[in-house]
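Written out below as structure tokens is the structure these notes cover.
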Amino acid sequence: MTKITVGLIGFGRMGRYYLKEFQRSEAFEVVYICDIDAECRELAKRLEPKAQVVANEDEVFADHSVQVVALCAMADSRLQQITKAIAAGKHIIAEKPIAATIEHEWQAVEMAEKAKVMSTVNMYLQNAWYHGVMRDAVDRGELGELAIMRICHMTPGLAPGEGHEAEGPSFHDCGMHYVNLARWYAHSEYKTWHAQGIRMWSWKDPWWLQVHGTFENGIVYDITQGFVYGQLSQQQTHNSYVELIGTKGFCRMTHDFKTAFVDIHGISETQHIERPFGGKNIDRLISEMAQSIRSGVRDPQMPAFRDSAIASQQSWLMLEDARRNDLPAIGTREELEEIWEHRRNLKDGYGLLPRNNKNV
Ligand SMILES: NC(=O)c1ccc[n+]([C@@H]2O[C@H](COP(=O)([O-])OP(=O)(O)OC[C@H]3O[C@@H](n4cnc5c(N)ncnc54)[C@H](O)[C@@H]3O)[C@@H](O)[C@H]2O)c1
């Protein structure tokens, strides 16, 4: 079968993950890599010598032989790239968020839903095996009726002022994945939310936030997210889990970023499952896209731009609510500077920034 040709735009941390997965896949061939940064282009030439490596995205959009674009630059360039891709008839795999503002995200949704091309966005938790197993248990009625969702994700990851802070505080940048996940499990839309945040290290924005509330169908949830989990601890760790509690049974998962663990305590089954964690599940996302392109029918598992726009908008609303609810500040700028310095020198840790050629 002939390979589907891809132009990869943005060759930072995520772009490099995509390249690895496209190279592993039988279905795709990366024919362009585009980055505005010269060091990233040097690295791209080394890692994929067969691809054309360019600085200007328009070369990718102008080439009729490119079937798919993978948009892995930052959100501020995404709407423009989505517009160009649709005009050029190219399928789109986009990183989240799909644009830099809520208004632009909804413009992207509208365009994509009218367009003939396939589009998807890397809301990677929808493609995680452990959430698939748990949603299946819910949908089969193993828990009775789903009533309560408890979600927590705290790591010593990106500190304020690092990485993609332009895309919002950690509850938007990372938290939108969990906001999306709760809606995906609930099969319903958010009805109420009450958020409490804290401005750790006295940063202008909350870097930890907890929100609880209800969905239209009555399911209640709480979500806790923060990149505030011991950045200066001698030995770093994290705490990440999802618990789904029904009227008759429950299930839960956790992971250590290497292995994910699921426990199902259903009415007719008790299971403990351990399997490799699976990272950002890009292999699954691109395989859904390949299947959709080849069959001409959109794979219903594939996350949609609409899912991402709703999760992004909802996480902004939750952040706004946290600002209305006291929002205390604890810690100092000096502590934050110590964290930045510490993370600059870390070789192994959580959400480390790419160091271009040096760390690959
Ligand atoms: N789905 C997820 O779980 C997940 C995880 C991390 C990051 N992300 C998202 O992925 C995107 C990229 O994040 P990252 O961590 O790889 O960032 P990064 O800074 O490591 O990489 C971005 C790259 O894009 C390049 N770039 C910027 N504008 C460009 C343009 N117009 N044309 C070509 N290249 C351009 C930059 O030079 C840089 O190399 C962000 O929007 C981020 O929110 C998603």
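Points worth noting:
- Candidate set from the stretch 2-20 (those that are touching an Asp or Glu at 6+ places or on another chain (Cβ under 8 Å) and either within 13 Å of the ligand (Cβ to nearest atom) or at pLDDT below 95 (or both)); member that is nearest to P354 (Cα to Cα): G12
- Scan the stretch 245-287 for residues that are under 15 Å from the mean Cα position of the chain (by Cα) and either among the aliphatic types (A, V, I, L, M) or on the phi > 0 side of the Ramachandran plot (or both) and the total you get is 7.
- Filtered by the rule that a residue be away from the ligand (no atom under 12 Å from the Cβ) and either under 17 Å from the mean Cα position of the chain (by Cα) or in contact (Cβ under 8 Å) with a residue 24 or more places away in the chain (or both), the stretch 106-126 gives W106, Q107, A108, V109, M111, A112, E113, A115, K116, V117, M118, S119.
- Note on the stretch 24-74: residues that are of a type in the set (S, T, Y) and either without any contact (Cβ under 8 Å) to a residue 24 or more places away in the chain or more than 20 Å from A94 (Cβ to Cβ) (or both) amount to 1.
- Flag if R323 is over 22 Å from F22 (Cα atoms) and without any contact (Cβ under 8 Å) to a residue 40 or more places away in the chain: no
- Considering residues of the stretch 73-83 that are away from the ligand (no atom under 11 Å from the Cβ) and not hydroxyl-bearing (S, T, Y) only, the residue nearest to W106 (Cα to Cα): L79
- Restricting A70, A38, A100 to those that are within 12 Å of the ligand (Cβ to nearest atom) and crowded, with 24+ Cβ neighbours inside 10 Å reduces the list to A70.
- Helices (runs of 4 or more DSSP H) within the stretch 103-203 that include 3 or more residues among the small types (G, A, S) and surrounded by 18 or more Cβ atoms within 10 Å (Cβ to Cβ): 175-186
One line per residue, one yes/no per condition, for (1) among the polar types (S, T, N, Q); (2) within 30 Å of F215 (Cα to Cα); (3) within 16 Å of the ligand (Cβ to nearest atom); (4) not in a helix (DSSP H, G or I):
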{"position": "M253", "(1), (2), (3), (4)": "no, yes, no, yes"}
{"position": "H272", "(1), (2), (3), (4)": "no, yes, no, yes"}
{"position": "G279", "(1), (2), (3), (4)": "no, yes, yes, yes"}
{"position": "A290", "(1), (2), (3), (4)": "no, no, no, no"}
{"position": "S308", "(1), (2), (3), (4)": "yes, yes, yes, no"}
{"position": "L319", "(1), (2), (3), (4)": "no, yes, yes, no"}
{"position": "D326", "(1), (2), (3), (4)": "no, yes, no, yes"}
{"position": "K347", "(1), (2), (3), (4)": "no, no, no, yes"}
{"position": "L352", "(1), (2), (3), (4)": "no, no, yes, yes"}
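- All conditions but one from (1) farther than 18 Å from G175 by Cβ; (2) of a type in the set (V, I, T); (3) in contact with a strand residue (DSSP E or B) (Cβ under 7 Å, 6 or more places away or on another chain) apply to V242; the one that does not is (1).
- Test for V242: is it buried (at least 20 other Cβ atoms within 10 Å of the Cβ), in contact (Cβ under 8 Å) with a residue 40 or more places away in the chain, over 24 Å from H164 (Cα atoms) and under 21 Å from the mean Cα position of the chain (by Cα): yes
- Test: L125 is more than 29 Å from G278 (Cβ to Cβ) and touching a His at 6+ places or on another chain (Cβ under 9 Å): no
- Elements of the type strands (runs of 3 or more DSSP E) sitting completely within the stretch 1-81 and holding at least 1 residues that are within 19 Å of I98 (Cα to Cα): these cover 4-9, 28-34, 68-71.
- So Q52, is it more than 14 Å from the ligand (Cβ to nearest atom) and not aliphatic (A, V, I, L, M): no
The values are calculated or read from the model by the stated rules, or taken from the named source; none is laboratory data. Quantities reported herein were computed from a predicted structural model and do not represent experimental measurements. Here Cβ is always computed from backbone atoms with ideal geometry, including for glycine, and neighbour counts include all displayed protein chains.
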